[in-house]
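The values are calculated or read from the model by the stated rules, or taken from the named source; none is laboratory data. All values derive from a computational prediction rather than experimental measurement. Neighbour counts run over all protein chains shown; Cβ positions are idealised from the backbone, glycine included.
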Amino acid sequence: MEAKAVAKYVRMSPIKLKPVVDLVRGQDLKDALNILKFTPGKGSVLVEKVVQSAAANAENNHNMNVDKLYIAEVYAHQGPTQKRWRAGAQGRASIILKKSSHIGVTLKERE
C-alpha cells in the first residue's frame, strides 16, 4: 500500500530542488518533516507541502498508520520552461528561461 502526492508546475528550477529532495529520500516521515522544517530556502517549503499532502492522503484515503510511514520515493523533475526576452546590448535580445518543476512523493508503511 502506498500514498502519493504530486505538485505540478512549481515555479522553481529542479536544480535547486534536487539537493533538498535528496536529504529526505528514504527517511521516516517525522524525521523528513523535521529536516525540511529546519532546512533554509524556498525549496524545502515546497517539498514539505508535498510531503504533508502525501501524509494526509495516506491517513485519510488509505487508512495507513502515520507513525510507520517513510518516504519510499521522491523526485523533482523538469516541467515546462517559460521563455521571456530582455533587451540586450547593441540592439540584441537576450533570452530569460523561467524553469518549472514537478515534485512527487510516495509514502509506504514499514513492516
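Brief remarks follow.
- Odd one out for A76 among (1) in contact with an Asp or Glu (Cβ under 9 Å, 6 or more places away or on another chain); (2) aliphatic (A, V, I, L, M); (3) closer than 20 Å to L23 by Cβ: (1)
- Residue check for K37: in contact with an Asp or Glu (Cβ under 8 Å, 6 or more places away or on another chain) and basic (K, R): yes
- Pair list, Cβ under 6 Å, 6 or more apart: region 54-74 residue closer than 19 Å to I103 by Cα, other residue basic (K, R) and modelled with pLDDT under 95: Y70/R110
- Region 1-24: number of residues that are of a type in the set (G, A, S), surrounded by fewer than 19 Cβ atoms within 10 Å (Cβ to Cβ) and over 9 Å from the mean Cα position of the chain (by Cα): 1
- Among the residues of region 34-53, those identified as without any contact (Cβ under 8 Å) to a residue 12 or more places away in the chain and hydrophobic (A, V, I, L, M, F, W, C) are F38, V45.
- Filter result (modelled with pLDDT of 95 or more and loosely packed, with under 13 Cβ neighbours inside 10 Å) within region 95-111: I95, I96, L97, K98
- Subset of region 75-101 (residues that are of a type in the set (G, A, S) and either without any contact (Cβ under 8 Å) to a residue 12 or more places away in the chain or part of a strand (DSSP E or B) (or both)): A76, A87, G88, A89, G91, A93, S94, S101
- Matching residues, region 65-74, being of a type in the set (D, E) and part of a helix (DSSP H, G or I): D67
- Residue within region 57-75 that is over 15 Å from A3 (Cβ atoms) and charged (D, E, K, R) present: no
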